[in-house]
Every structure is written in structure tokens, then in C-alpha cells.
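Data block below; observations after.
The values are calculated or read from the model by the stated rules, or taken from the named source; none is laboratory data. Source: prediction; values computed, not measured. Neighbour counts run over all protein chains shown; Cβ positions are idealised from the backbone, glycine included.
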């Protein structure tokens, strides 16, 4: 890859818009589900897994389940994505509304927004 190609790839990476939406963390052993919303779904998964792997995730019941069942028992699933061209003032309300819908739909526990 030449220098100009690398610069173009970096530019495209920096210009990409993160996925907004709702996600679920599932324990395949116990069947428990946690639902959250994020302005960047990829970063949310990394943040959650980092906290859980280090034993200090803020949601204590999720951390206890992770510790008891182990990482291979957990999945991260994107439930719904939102349009990236939403008005900035509408994003928080829509994420909250969609998150509440999925919590009720899946009988899940809600995670703090990330």
C-alpha cells in the first residue's frame, strides 16, 4: 500500500459516522439479558468487555454473571440502529425511547447509556 493510499484510508476512517443504536448483552448459559443504548455501538462493546474483563464493570449483577459464567458465555448483539442524520437534540430522547422498548420486549435489565 502506497503512502497516498494509506492517507486516503485514514481519512475515510476518520470521516465515518459511528453507529447509533440499541444493543443487548446476553448470557447464553443463564439466559439473562441486559440492554443499553449508545452513540457508538462498536465502542460500547469494547467499553463493556474491557470493564468486565478487568472485574470492575459498573453494573454489578452483569459483572457477577460474567465472573460466574466466563467470557465465552456472553454475546453482544446490535438490536436496532438509528439513522446517523438525526437532529442532535432528538438523539437522546429517541435512544431512551428505543431502549425502554427493548428492555420491555426482552424482559431485560437496562444498562447505563454509553
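Quick notes on this structure:
- Some residue of the stretch 8-17 being under 16 Å from the mean Cα position of the chain (by Cα), surrounded by 10 or more Cβ atoms within 10 Å (Cβ to Cβ), under 26 Å from residue 96 (Cα atoms) and touching a residue at least 40 places away in the same chain (Cβ under 8 Å): no
- Criterion violated by residue 69 - all others in (1) over 15 Å from residue 18 (Cβ atoms); (2) in contact with a helix residue (DSSP H, G or I) (Cβ under 8 Å, 6 or more places away or on another chain); (3) surrounded by 14 or more Cβ atoms within 10 Å (Cβ to Cβ) satisfied: (2)
- The stretch 73-95, subset over 10 Å from residue 21 (Cα atoms) and in contact with a strand residue (DSSP E or B) (Cβ under 7 Å, 6 or more places away or on another chain), residue surrounded by the most Cβ atoms within 10 Å (Cβ to Cβ): 74
- Unique residue being within 15 Å of the chain's Cα centre (by Cα) and farther than 15 Å from residue 113 by Cβ when the list is 81, 28, 67: 81
- Filtered residues of the stretch 48-66 (kept if touching a residue at least 24 places away in the same chain (Cβ under 8 Å) and surrounded by fewer than 15 Cβ atoms within 10 Å (Cβ to Cβ)): 58, 61
- Pair list, Cβ < 6 Å and 6+ apart or interchain, from the stretch 69-87 residues that are modelled with pLDDT of 95 or more to residues that are surrounded by fewer than 15 Cβ atoms within 10 Å (Cβ to Cβ): 69/29; 73/28; 73/29
- Checked against (1) in a helix (DSSP H, G or I); (2) loosely packed, with under 11 Cβ neighbours inside 10 Å, residue 112 passes all but a single condition, namely (1).
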